[in-house]
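Structure first, commentary second.
The values are calculated or read from the model by the stated rules, or taken from the named source; none is laboratory data. Owing to the predicted nature of the structure, the values given are computational and were not obtained by experimental measurement. Heads up, the Cβs are rebuilt from the backbone with ideal geometry, glycines too, and the neighbour counts pull from every protein chain shown. To get the accessible areas, we keep the full protein, side chains included, count just its heavy atoms, and leave off ligands, DNA and RNA. Shrake-Rupley method; radii C 1.70, N 1.55, O 1.52, S 1.80 Å.
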Amino acid sequence: MRGRSRWARRSGRRAPAPGTHHWRRDLVELAGLFTAVAVADAIAKTVVNGPRGPVMLLASAVALLVTAAVHCWWARRHPHAPPPADTGPAAGTAGDLAAASQGAPGATTLWRMRTTVRDEPGSLAQLCGALAQRKVDILSLQTHPLAEGTVDEFLLRAPEGLAAATLTRTVAGAGGSSTWVERADTHDLVDAPTRVLGLATRTALDPAELPLALRQLLGRCTIRSVPAARAQADGQAVPVEGVLDGTVLRLRAPGDGVVTIERPHLAFTPTEFARARALVELDSRLGARLPRTRHVMTLDRGEAVTVQRADADDLAEARALHERCSPETLARRYHGPVRDADRYLDHLLSPRFGRTLAARDAEGRIVALGHLLWDGDETEIALLVEDAWQRRGIGGELLGRLVAMAVEAGGESVYAVTQASNTAMVAAMRGLGLPLDYQIEEGTLVITARLDVTPVCSRPAYDLRPGSARSGR
């Protein structure tokens, strides 16, 4: 939505359509033309029939020059050319949004901006006018009333050469304060109600989507889930309605746990708090649920292994997997005392902290587990494969699917923590065909894979696998 067009609508004036026919201007021009012809005809007759031919000829030349001067003056005051593109009336149309998403290469940039203005008549109009002077288009606007002032959220399309600092200074000069600006993309062109409904649908289908939905709803933030027992022991228990404390949100999670959301330097608004609380409440009311999609893969020796999602209901089978694994395998996976391995399963299998894939043999026993864990702003990936099933492609299959999930969730990278001697994990990460970064500290190897390039060997996201069958357990 263009700044000037929005301003025209707010002031009650209506911009003329590009194709409006100005009949009065044409009438004046025709009258001037006929007058010039009549004067020229009269002068010609006088020159032919009168004794003062040279004088009349000079007078006719002067009359024609005066007529030409008047016409030039009139043309300058009333140009025929259409208005420039940046002041035209194309405001908020579908074509305008398409131009914002595609646009000429290097011509414009999308920005998300939030600023606080005084709750006074004309304050928003002053801000819009300042943006229009910078040739900044306002594509969307949301207002969040507060006790003092109003927080306005803009989606802007600005000239490429306009820096964020310049945009911030422009807003400050128009009365805006506490301004926050960041780059936007085409996904931000979706209006807020549609985006919230889409996030609610994702959360309803899969509880592991809740942290991702909250992050997409609130922007850059850190989300932590705390179990009920730990929250009570640490004094972090919150009332049912939740707590809004500046840059921190605390919400009641299922089972009396606590979801803490932190966003540095940018306070949450009551509207954002209400939307986040509604998502968490939806997740709580729907209870335990999990997509039951499954995929059957055939190994090199002909055995069939079924890959599907796992959760807390699979806790007993996961413990049985631990009992069948050797101490060396458990030590490579958990990097600590083998006797403590079972203690991690409650956390790993909870959809509040990530997603888990399980590989089952023909008898239904879990022979491998793959975990994708939300670690604040980062994503950790981990594998555990039973000794008898190692080096047969199961780990690579799980790893590829977990990476595809991370890409689908919008992650920028995933990292795996293992021992430097774990050559199988290193080979599996290399098999992804992604740029890798290695860091070694005291025998511990951290492998980070960047996801901003297309994976070469990764599989489609597990729940979107074509041709997979759905079934319960």
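Assuming a ≥ b ≥ c are the square roots of the Cα gyration tensor eigenvalues, decide whether the range 376-456 counts as rounded (a/c under 1.5), prolate (otherwise, with a/b larger than b/c) or oblate.
oblate
Between Ala204 and Glu412, what length comes free when the chain is fully extended (0.36 nm per residue of separation minus the Cα-Cα distance, one decimal in nm)?
Full extension of this stretch gives 72.4 nm more.
Can you pull the one-decimal nm distance between simple spin-label points at Arg224 and Ala31, each 7 Å off the Cα toward Cβ?
Going by the 7 Å Cα→Cβ label model, 8.1 nm.
For the pair Ala42 and Ala164, what calculated FRET efficiency results from E = 1/(1 + (r/R0)^6), where r is the Cβ-Cβ distance and R0 = 56 Å, to the nearest 0.05? Working shown, then result.
Working: r = 68 Å, r/R0 = 1.22.
So the FRET efficiency works out to roughly 0.25.
How large is ³J(HN,Hα), in whole Hz, for each residue of the range 219-226 in order, when computed from phi with the Karplus curve 6.51 cos²θ - 1.76 cosθ + 1.60 and θ = phi - 60°, using x for Gly and Pro?
Listing the rounded values in order: x, 5, 7, 10, 10, 10, 9, 10 Hz.
So, for the range 177-297, what is the accessible surface per residue at a probe of 1.4 Å, expressed in square angstrom?
Spelled out: the 1.4 Å probe surface of the range 177-297, per residue, equals 50 Å².
For the range 136-195, what does the alpha-carbon gyration tensor say about shape, rounded, prolate or oblate, given a ≥ b ≥ c as the root eigenvalues, a/c under 1.5 as rounded, and a/b over b/c as prolate?
Numbers: a/c = 2.33, a/b = 1.01, b/c = 2.30.
Oblate, since a/c reaches 1.5 and b/c is not below a/b.
Set the Förster distance to 56 Å, then compute FRET efficiency between Arg450 and Asp119 from the Cβ-Cβ distance, nearest 0.05. Numbers along the way, then the final one.
On the way: r = 45 Å, r/R0 = 0.80.
Calculated value: 0.80.
Just grab the label-to-label distance for Val66 and Glu281, each label 7 Å out from Cα along the Cβ direction, in nm (one decimal).
Modelled inter-label distance: 8.1 nm.
Classify the range 276-385: rounded, prolate or oblate, from the alpha-carbon gyration tensor (a ≥ b ≥ c, eigenvalue square roots; a/c under 1.5 rounded; otherwise prolate if a/b is larger than b/c)?
oblate
What's the carbon and sulfur percent of the range 302-429's accessible surface, probe 1.4 angstrom, rounded to a whole number?
48 percent
Using 0.36 nm times the number of residues separating Ala172 and Ala288, minus their current alpha carbon distance, what extension gain do you get?
37.0 nm
Apply 1/(1 + (r/R0)^6) to the Cβ-Cβ distance of Val296 and Ala420, taking R0 = 56 Å, and write down the FRET efficiency to the nearest 0.05.
0.95
Residue-wise, which Karplus ³J(HN,Hα) couplings in Hz belong to the range 432-438, taking 6.51 cos²θ - 1.76 cosθ + 1.60, θ = phi - 60°, and x for glycine or proline?
6, x, 10, x, 10, 10, 10
Modelled label-to-label distance, Glu148 and Thr186, 7 Å Cα→beta-carbon offset: nm?
Going from the Glu148 label point to the Thr186 one covers 4.4 nm.
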